[in-house]
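For reference, the structure is listed below as structure tokens.
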Amino acid sequence: MEALIKELVEIDGPSGEEAAVRELIRERIEQSVDRTFTDNLGNLFALREGPAPLLLFSAHMDEIGVIVTHIDDHGFLRIAPVGGVRPHLLLGQRLRFKDGLLGTVYHEKIKDLKELDWSKLYLDIGAADGETARKHLRIGDMACLHQPFVNLGRRYLAKAMDDRSGCAVLIEAARRLPRSLPQGVCFLFSVQEEVGLRGATTAAYRLEPAYGFAVDVTSVGDTPEAPLMAVALGKGPAIKVKDRSVICHPRVRDLMIATAEQEKIPYQLEVLELGGTDAGAIHLSRGGVPSGALSIPCRYVHAPSEMIDAGDLRHAVTLIEKLASRAWPLPEKEI
Ligand SMILES: [Zn+2]
């Protein structure tokens with residue numbers, strides 16, 4: 001699991017440019033499913049065939065990043081966020097473009113850090129002048145944070161834990177599924193979640209699942225003077241009750257809780273006041289899809305180093321494995 005997470009977080013996939021991540025995931029999951037396929041937007045589906053009702057488990061492949069908006073005659077680049085990036089968290093950071101080109105972020109003269117916004121930031125790739133910079137880069141090129149994976153013992157630190165840790169959970173759960181399943185299961189690796197749940201929107205429409213589940217990270221309330229939140233690292237994955245994008249269907253939420261209790265898997269309940277996840281798009285598909293979400297507690301979400309707990313990850317895999325292999329009622333009859 002550690003090796004899988006490390007390889008997943010150390011490649012780059014800003015929203016809309018998920019191809020490298022997609023090809024790695026396809027290689028790692030294709031032995032465990034009946035078939036894989038992609039769609040027009042770049043979503044990757046990994047399907048275990050089976051009778052109705054179809055279960056959809058989604059983790060997003062994309063990560064936050066920046067996009068080049070301007071290159072000046074001295075070779076300095078101006079950038080804008082791709083997804084929820086706070087400018088102060090980029091100061092001094094290294095960013096990497098698709099071809100491996102690196103640069104560092106700094107700010108213009110300011111009197112107070114409160115003045116820091118995107119217009120004050122620039123990216124320096126070490127180019128002698130604008131002409132040299134333009135030989136390597138164009139307007140619209142995207143870059144991601146450049147940070148190695150680190151094992152801190154019980155905890156892992158890396159960029160893009162949001163949501164490669166969720167991708168790793170689905171890959172590992174798919175490996176462990178029994179040969180025969182009571183229903184069909186589709187693992188979705190979605191695109192463009194960070195810019196508005198876009199991949200999950202078209203994927204859910206295409207698949208028409210009976211139930212949907214997102215597997216993504218969530219914030220925690222266990223750091224110094226953190227906003228009050230009843231989720232902590234190391235106390236098990238969090239069964240989502242609500243975030244800004246979805247109120248999880250009570251029957252799905254309760255079946256998730258019942259499964260965790262039957263299997264003696266530790267879990268927490270999550271109410272996330274800011275942020276959303278793929279379940280927000282899935283549950284609104286067509287006539288509505290009863291949906292839930294399993295969250296991996298994560299410190300410093302959308303910062304250059306996001307921290308997760310190895311035990312939470314292990315328990316998340318087991319819970320997804322059990323949810324996918326238990327029999328789910330046909331929603332028309334039961335809900
Ligand atoms: Zn996410």
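The values are calculated or read from the model by the stated rules, or taken from the named source; none is laboratory data. Since we're looking at a predicted model, the values are computed, not measured. Cβ sites come from the backbone with ideal geometry, for glycine too, and all protein chains shown count toward neighbours.
Given the conditions (1) within 17 Å of ALA303 (Cβ to Cβ); (2) in contact with an Asp or Glu (Cβ under 6 Å, 6 or more places away or on another chain); (3) not hydroxyl-bearing (Ser, Thr, Tyr), which single one is not true for LEU152?
(2)
Tell me the residue from TYR211, TYR205 that is away from the ligand (no atom under 16 Å from the Cβ), out of contact with any Lys or Arg (no Cβ under 8 Å at 6 or more places or on another chain) and of a type in the set (Phe, Trp, Tyr), please.
Selected residue: TYR211, the only one of TYR211, TYR205 that is away from the ligand (no atom under 16 Å from the Cβ), out of contact with any Lys or Arg (no Cβ under 8 Å at 6 or more places or on another chain) and of a type in the set (Phe, Trp, Tyr).
Out of ALA200, ALA173, report the one residue that is outside any loop (DSSP other than H, G, I, E, B) and touching a Phe, Trp or Tyr at 6+ places or on another chain (Cβ under 8 Å).
Residue meeting the stated conditions: ALA173.
Do the conditions hold for GLY84, that is, is it of a type in the set (Gly, Ala, Ser), away from the ligand (no atom under 16 Å from the Cβ) and surrounded by fewer than 17 Cβ atoms within 10 Å (Cβ to Cβ)? Let's see the steps before the verdict.
Details: of a type in the set (Gly, Ala, Ser): yes; away from the ligand (no atom under 16 Å from the Cβ): no; surrounded by fewer than 17 Cβ atoms within 10 Å (Cβ to Cβ): yes.
Spelling it out, it is not the case that GLY84 is of a type in the set (Gly, Ala, Ser), away from the ligand (no atom under 16 Å from the Cβ) and surrounded by fewer than 17 Cβ atoms within 10 Å (Cβ to Cβ).
Based on what the data block shows, is ARG96 surrounded by 15 or more Cβ atoms within 10 Å (Cβ to Cβ) and assigned to a strand (DSSP E or B)?
yes
Identify, from the list LEU188, LEU145, the residue that is within 16 Å of the ligand (Cβ to nearest atom) and more than 24 Å from LEU101 (Cβ to Cβ).
Numbers: LEU145 fails: more than 24 Å from LEU101 (Cβ to Cβ).
Criteria check complete, one pass: LEU188.
Which ranges mark the strands (runs of 3 or more DSSP E) fully within segment 8-74 that have 2 or more residues being assigned by TED's automatic domain parsing to the domain that holds GLY288 and more than 28 Å from HIS146 (Cα to Cα)?
On the way: elements: 35-38, 44-48, 55-60, 65-71.
Filter on segment 8-74 gives 35-38, 44-48, 55-60.
Could we say that PHE97 is within 20 Å of PHE149 (Cα to Cα) and not assigned by TED's automatic domain parsing to the domain that holds CYS167 here? Talk me through it step by step, then tell me what you get.
Details: within 20 Å of PHE149 (Cα to Cα): yes; not assigned by TED's automatic domain parsing to the domain that holds CYS167: yes.
Spelling it out, PHE97 is indeed within 20 Å of PHE149 (Cα to Cα) and not assigned by TED's automatic domain parsing to the domain that holds CYS167.
From SER15, SER32, grab the single residue that is of a type in the set (Ser, Thr, Tyr), at pLDDT 95 or above, surrounded by fewer than 24 Cβ atoms within 10 Å (Cβ to Cβ) and closer than 23 Å to ALA158 by Cβ.
Matching residue, one of SER15, SER32: SER15.
Hey, among LEU319, LEU255, LEU294, which residue is part of a helix (DSSP H, G or I) and closer than 26 Å to LEU4 by Cα?
Just one listed residue meets the conditions, LEU319.
Run GLU194 past the list (1) more than 16 Å from the ligand (Cβ to nearest atom); (2) at pLDDT 95 or above and report the number of the one that doesn't hold.
Exception for GLU194: condition (1).
From the list ILE139, ILE110, which one is assigned to a loop (DSSP other than H, G, I, E, B), of a type in the set (A, V, I, L, M, F, W, C), loosely packed, with under 15 Cβ neighbours inside 10 Å and at pLDDT 95 or above?
On the way: ILE110 fails: at pLDDT 95 or above.
Unique residue meeting the criteria: ILE139.
Of LEU55, LEU8, LEU24, LEU41, which residue is of a type in the set (A, V, I, L, M) and either farther than 30 Å from GLY103 by Cβ or in contact with a His (Cβ under 8 Å, 6 or more places away or on another chain) (or both)? Outline the logic, then answer.
On the way: LEU8 fails: either farther than 30 Å from GLY103 by Cβ or in contact with a His (Cβ under 8 Å, 6 or more places away or on another chain) (or both); LEU24 fails: either farther than 30 Å from GLY103 by Cβ or in contact with a His (Cβ under 8 Å, 6 or more places away or on another chain) (or both); LEU41 fails: either farther than 30 Å from GLY103 by Cβ or in contact with a His (Cβ under 8 Å, 6 or more places away or on another chain) (or both).
Just a single option satisfies the conditions, and that option is LEU55.
If I filter segment 273-290 for residues that are over 17 Å from SER165 (Cβ atoms), assigned to a loop (DSSP other than H, G, I, E, B), within 15 Å of the ligand (Cβ to nearest atom) and of a type in the set (A, V, I, L, M), do I get at least one hit?
Taking every residue of segment 273-290 in turn, at least one turns out to be over 17 Å from SER165 (Cβ atoms), assigned to a loop (DSSP other than H, G, I, E, B), within 15 Å of the ligand (Cβ to nearest atom) and of a type in the set (A, V, I, L, M).
Every residue, every condition in (1) surrounded by fewer than 16 Cβ atoms within 10 Å (Cβ to Cβ); (2) on the phi > 0 side of the Ramachandran plot, yes or no:
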| site | (1), (2) |
| --- | --- |
| ALA173 | no, no |
| LEU181 | no, no |
| THR202 | no, no |
| GLU208 | yes, yes |
| VAL215 | no, no |
| GLY236 | no, yes |
| MET256 | no, no |
| THR259 | no, no |
| LYS264 | yes, yes |
